[in-house]
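Trainee: Sharing a structure, written as structure tokens. Questions coming.
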Amino acid sequence: MNVYEMSKTLNKSPQLIRYGLQQNRFLFGTAIQKPNNRWTYILIEKKFADYVGITLDELNNRLTTIRKR
């Protein structure tokens, strides 16, 4: 799972997800700023599914649909 897929699942922009992770606003992942000032993201699918209120199977079904587009 990546930031783009999370944003599509929530119907929000990828930038909103990235910014929220950078500001520690979401419990389903974190953002780490590297020495070159770029960001890397650690995303936890189970916590994201819990946040959205769906099972991991439902999340995987949604991801399959998103990835087919």
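The values are calculated or read from the model by the stated rules, or taken from the named source; none is laboratory data. Worth saying up front: this structure is predicted, and the values here are computed from it rather than measured. Counting neighbours? That spans all protein chains shown, and the Cβs are built from the backbone with ideal geometry, glycine included. What goes into the accessible areas is simple: the full protein's heavy atoms, side chains included, and nothing from ligands, DNA or RNA. Shrake-Rupley method; radii C 1.70, N 1.55, O 1.52, S 1.80 Å.
Trainee: Is it the case, given these coordinates, that T40 is within 17 Å of Y4 (Cβ to Cβ) and open to solvent by less than 70 Å² (accessible area, probe 1.4 Å)?
Mentor: The answer is yes for T40.
Trainee: Between a first residue in segment 48-69 that is farther than 14 Å from L10 by Cα and without any contact (Cβ under 8 Å) to a residue 12 or more places away in the chain and a second residue that is loosely packed, with under 12 Cβ neighbours inside 10 Å and of a type in the set (K, R), which pairs have beta carbons less than 7 Å apart while being 6 or more apart in sequence or on different chains?
Mentor: Filtered contacts from segment 48-69: L56/K46.
Trainee: What number of residues within segment 1-29 satisfy the criterion of being of a type in the set (A, V, I, L, M) and open to solvent by 20 Å² or more (accessible area, probe 1.4 Å)?
Mentor: Total satisfying the criteria: 4.
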